[in-house]
Every structure is written in C-alpha cells, then in structure tokens.
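See structure below.
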Amino acid sequence: MPGSLDPLDVGVQIPYHFRCPISLELMRDPVTVCTGQTYDRQSIESWVATGNTTCPVTRSPLSDFTLIPNHTLRRLIQEWCVANRAFGVERIPTPKQPADPSLVRSLLNQAAAQSNHMNSRVAALRRLRGLARDSDKNRSVISANNAREILLAIVFSRMDSDSSELNHESLAILSMFPLSEPECVFVASDPERVSYLVAMLFHPSIDVRVNSAALIEIVVAGMRSPELRAQISNADDVFEGVVGILNYPLAYPRALKVGIKALFALCLVKQHRQRAVSAGAVEALIDRLQDFEKCDAERALATIELLSRIPSGCAALASHALTVPLLVKIILKISERATEYAAGALLSLCSASEQAQKEAVAAGVLIQLLLLVQSDCTERAKRKAQMLLKQLRDCWPEDSIANSDDFGCSDVAPF
C-alpha cells in the first residue's frame with residue numbers, strides 16, 4: 001500500500017488520527033514519545049537523528065527518547081485497512097519491534113560467559129542472529145554493545161577441525177557486520193586465524209562455508225595493508241575454497257553473491273592472481289556470468305578483467321569457448337561499469353590472440369563497439385572501445401569497414 005492515499009484515487013479518506021503528524025501519511029508503526037504524542041516510528045526516528053530534541057507537535061523538550069509502540073492504534077489502523085479493502089487499501093503488516101538494548105547486552109553476556117553451558121551460549125547466539133537478520137536498526141543496536149569484539153573472541157576460541165556450533169553461530173553473526181581496520185588486522189595478522197577461516201571454506205555445511213567466505217572478504221576489504229591482504233590471498237587453498245562456493249548450485253543464491261565478493265577482493269592482490277586461475281576461477285566466472293545479479297555481475301566482470309591482465313588468466317579465458325561471445329553479448333546490457341570491464345577484458349584477450357579477435361568479430365563486436373563510443377558511457381570505456389576497434393581493424397569484413405561511416409563514429413579514427 002502506498003504511504004499516503006489520495007481520496008480522489010481510491011474514494012476513501014484516511015482518518016486524521018491515523019496520519020503521522022510529521023509525514024501526514026498513514027502510520028505503519030505508530031509509537032508514542034514522552035510527551036504523549038504518537039508518530040510513525042520511521043518519521044520520529046528521522047526527526048531525532050537530524051538533531052531535533054523537541055516534540056514536533058507540542059514543541060516540548062524530549063527528556064526521554066524512548067519510543068513506546070502504540071499497539072492499540074496500530075490495531076485500529078489495521079482494522080480500518082481491512083474494512084476499506086474494497087477501495088484498494090491493503091492491511092499494514094504487524095511491525096517487528098526493534099531489539100531492546102538490555103536484551104542484546106544480556107544475550108551477549110550469556111554467549112561470552114565460558115562458565116555457562118554450551119547449549120545456553122548457543123541459544124543466546126541464535127537469538128542474536130535472529131535479531132540481526134530482522135533489520136539494520138537491530139544490527140546497529142547489537143554493534144553498539146561491543147558485539148564484534150565478543151564474537152571475534154568466540155569465533156577463534158577453538159581453531160581446530162572439531163570447532164563447535166558455538167564458533168559457527170558466532171561466525172554467522174559476525175559475517176553480517178563490517179569490521180573496523182584494527183579488527184581486520186586482528187584476524188589477518190595471525191596465520192592460525194587465517195588458516196581456520198580457510199578450513200571453514202570446506203566445511204560440510206554450505207552456511208558455514210559461505211559465512212567464512214563473507215568474513216574473509218570483509219577482512220581483506222577492510223585493510224589498507226598490502227602485506228596483510230597478500231598474506232590472506234596467499235593462504236593455502238583459499239582460492240579453491242572460494243571457487244568451490246561459486247560453483248555451488250543456484251538453489252543457494254547467497255553462495256553466488258558472497259563467492260564473487262570474496263573472489264574479487266582476493267584478486268585485487270596482483271601477485272596472487274595466478275593462484276586464482278590455477279584454482280579454476282576463470283571457468284567458474286564464465287560458467288556463472290549470466291546468473292549474477294547486476295551488482296554481482298559488475299564484480300564478476302571486474303574480476304575477469306583483472307585475470308585477463310596476467311598471461312595465465314588471459315590464456316585460460318581465451319581457451320574457454322564462451323568467454324568472447326558472452327563478453328560481446330553483455331557489453332552494453334548491464335551498466336556503465338560492466339561495459340568498461342567487459343571492454344577491458346576483450347581488449348586484453350584480443351591483444352594477445354588472433355583467434356580471440358576472429359571470435360569477437362564473428363560475435364558482432366563491431367556494431368557493439370561503434371554503439372559504445374557514441375553512448376553516454378564512461379570515458380575510460382570509450383577509450384578501451386576505440387583501442388579495441390583499432391586492434392580489430394584487420395579482422396573486419398570489407399563490407400563492415402565500408403559501412404562504418406553510417407554510425408557517425410569519426411572519433412574512432414584515425415587507425
């Protein structure tokens with residue numbers, strides 16, 4: 001249902017007391033502040049977040065910023081929605097309440113206390129994981145209570161093949177949060193911790209494997225130290241583990257999303273890209289290229305371009321029958337970034353292989369490039385396209401060269 005309803009459109013007037021005084025829209029999660037006024041939670045939270053310390057209606061100071069859910073009003077709004085269903089009004093869902101900071105602290109203490117029974121600690125972590133999954137607000141509350149430090153200590157409390165469910169639950173929660181640079185260094189600077197995360201990439205549970213890959217990506221992306229980033233990308237079997245996640249069946253889409261993020265982060269370390277190629281990254285990327293969503297497809301193409309810049313990666317890409325046709329097919333279909341990465345990969349391949357040039361021309365790259373240089377894409381993408389056009393000039397059919405003036409592509413010349 002839209003946030004506000006136009007009575008001329010649906011033939012129904014929203015009762016005044018069902019509208020938020022701030023947004024004037026139908027309240028979806030009414031809460032009452034200390035002055036007794038009720039607002040929609042999102043509106044009053046935004047009001048306070050921008051530095052306001054007074055009640056919007058009464059202008060009285062807000063001595064307490066606690067928001068109390070107005071369950072009675074919310075039920076009345078839901079009943080009104082149901083009664084006006086014939087006018088196209090949909091019932092608002094019952095909102096999940098944000099995590100209580102005192103509950104979060106209690107659960108973290110319960111999980112951290114080694115004197116507690118293992119089942120009790122695991123149960124506390126499972127409740128925390130459920131809260132973290134519910135909303136960004138909950139994750140902010142959890143993070144504000146020193147959760148990352150506690151969870152890091154639990155994750156690495158037992159680094160062997162018999163690591164417990166306690167470690168795995170902590171890993172699952174930790175993978176939902178960004179880490180500070182000191183926290184990333186805490187993980188990356190200890191080879192045993194790195195080896196433990198890599199070992200978890202081969203755990204029988206796909207959830208544990210994906211969570212480990214997610215944490216590896218967070219750590220690598222969260223550090224500025226090239227030495228520590230290289231230390232992780234040089235860990236034994238790290239690329240094999242990540243590629244294995246990429247190859248997991250599509251029934252688990254999170255594996256694809258996390259896998260490409262981790263592979264891209266690891267491939268940013270130039271001196272170890274060869275290890276990615278040896279682990280089968282090229283085959284996995286090309287085989288899954290059409291399965292990625294937009295943002296993940298951009299990362300996949302960026303990774304392909306990175307691998308195309310080293311001889312072994314370029315050779316592996318050129319030897320895959322689908323590489324050139326797929327890059328030509330999607331070069332203009334995803335986004336400006338994707339166009340730039342695809343053009344860069346094609347340029348590397350065609351610069352190294354005459355066979356790749358022939359395959360690109362046969363796949364229709366000429367028209368795609370002529371359209372690209374006339375489009376509103378980035379200057380870098382246009383520059384790569386122009387260089388590729390020059391590279392392919394000797395492979396163009398005569399009729400294509402003769403008719404290329406039809407595209408008004410004078411900025412591609414001179415060759």
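Within the bounds of segment 24-32, is there any residue that is open to solvent by 80 Å² or more (accessible area, probe 1.4 Å) and over 18 Å from Ser135 (Cβ atoms)? Reasoning before the result, please.
Of all residues in segment 24-32, those open to solvent by 80 Å² or more (accessible area, probe 1.4 Å) come to 24, 28.
From the residues that got through so far, the ones that are over 18 Å from Ser135 (Cβ atoms) too are 24.
Yes - at least one qualifying residue is present in segment 24-32.
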| query | Can you pull out the residues in segment 95-147 that are open to solvent by less than 80 Å² (accessible area, probe 1.4 Å) and of a type in the set (Lys, Arg)? | reply | Arg121, Arg129, Arg139
| message | Take Asp236 and tell me if it is part of a helix (DSSP H, G or I), of a type outside the set (S, T, N, Q) and open to solvent by 70 Å² or more (accessible area, probe 1.4 Å). | response | no
| task | For Met223, indicate whether it is under 22 Å from Gly280 (Cβ atoms) and open to solvent by less than 70 Å² (accessible area, probe 1.4 Å). | result | no
| query | For Arg383, are the conditions met, namely being over 25 Å from Phe264 (Cβ atoms) and without any contact (Cβ under 8 Å) to a residue 24 or more places away in the chain? | reply | no
| field | All positions within segment 315-338 that are open to solvent by 50 Å² or more (accessible area, probe 1.4 Å) and either assigned to a helix (DSSP H, G or I) or modelled with pLDDT of 85 or more (or both) | value | Ala315, Ser319, Ala321, Leu322, Pro325, Lys329, Glu336, Arg337
| For segment 27-121, which helices (runs of 4 or more DSSP H) that fit wholly inside it have 2 or more residues that are under 35 Å from the mean Cα position of the chain (by Cα), under 30 Å from Leu152 (Cα atoms) and touching a residue at least 12 places away in the same chain (Cβ under 8 Å)? | 101-112
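The values are calculated or read from the model by the stated rules, or taken from the named source; none is laboratory data. Source: prediction; values computed, not measured. Glycine gets a Cβ as well: all are built from the backbone with ideal geometry, and neighbour counts include every protein chain shown. Just so you know, the surface numbers come from the protein's heavy atoms only, side chains and all, with ligands and any DNA or RNA stripped out. Shrake-Rupley method; radii C 1.70, N 1.55, O 1.52, S 1.80 Å.
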